[in-house]
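A short write-up of the structure that comes next.
Derivation of every value follows stated rules applied to the coordinates shown; laboratory data play no part. Remember, it's a predicted structure, so these values are computed and weren't measured experimentally. All Cβ positions, even for glycine, are placed from backbone atoms using ideal geometry, and neighbour counts span all protein chains on display.
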Amino acid sequence: MTFEEMETILKAVVSTQAETSQSIGQITSSIGRLTSNIEQLTTGVGQLTTDVAQIDQSISTLISSQNRYDAMLRRHDEILHDLADRQLKNEERFADLAAAQLRFESRGDRLEATFEMFEEFAKNTRQETELRFTETDKRLAALAEAQSRTDDQIKTITEQIAALTAAQRHTDEQINQLLGKNGHK
């Protein structure tokens with residue numbers, strides 16, 4: 001090999017070595033950047049792990065809240081169903097009450113009609129009674145008058161009987177006197 005060939009090879013080797021050194025510098029620089037990136041990724045992963053733990057805690061809290069909310073919704077549903085049942089029962093009661101009210105009003109109407117008939121009967125009875133009392137009063141007045149006349153007649157008759165009795169006594173005395181004078185005793 002000649003000196004020139006060796007020089008050409010050495011130049012090629014130096015050139016290759018310079019390129020290799022430059023490449024190694026670039027690789028070293030890239031490795032530094034990669035190391036920095038890996039450190040940033042490690043920090044990011046640590047932060048991400050912390051964030052994931054916080055997210056897990058938040059999810060756990062949300063699940064717990066959701067479970068409480070679901071339990072509350074079930075309770076509200078139960079209350080609403082209970083209220084709906086009560087509302088239906090109340091509506092049935094109101095319907096029964098309305099029907100009872102109609103029956104009561106009907107009975108009230110019949111009772112009022114009965115009272116009106118009774119009032120009419122009482123008025124008629126009162127009028128008839130008043131007429132009968134009036135007639136009875138007239139008859140009693142006539143009877144009292146007749147009784148008064150009868151009393152007067154009885155008094156007159158009593159006086160006449162007394163007069164007759166007195167006259168009879170007087171006659172008996174006279175007969176007794178006449179008989180006593182004739183000797184018949």
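Points worth noting:
- Selection from 61, 50, 17 lying farthest towards where the dipole of segment 15-120 points positive, charges on Cβ: 17
- Quotient of C-alpha Rg and 2.2 N^0.38 Å, computed over segment 83-138: 2.30
- For the chain, the longest principal axis of the alpha carbon atoms and the long axis of helix 3-182 meet at an angle near 0°.
- Under a model in which nothing but the beta-carbon of Lys, Arg (+1) and Asp, Glu (-1) is charged, the chain shows a dipole of about 1800 debye around its Cα centre.
- Mean projected area of the convex hull spanned by the Cα atoms of the chain, taken over all viewing directions: 35.4 nm².
- A straight Cα-to-Cα reach below 16 Å connects residue 11 with the aspartates and glutamates 19, residues fewer than 8 places away in its own chain not being considered.
- Taking a straight Cα-Cα cut-off under 20 Å and skipping sequence neighbours fewer than 8 places away in the same chain, the aspartates and glutamates within cross-link reach of residue 155 are 145.
- Taking 13 Å as the straight-line reach from the Cα of residue 123, none of the aspartates and glutamates fall in range once those fewer than 8 positions away in the same chain are excluded.
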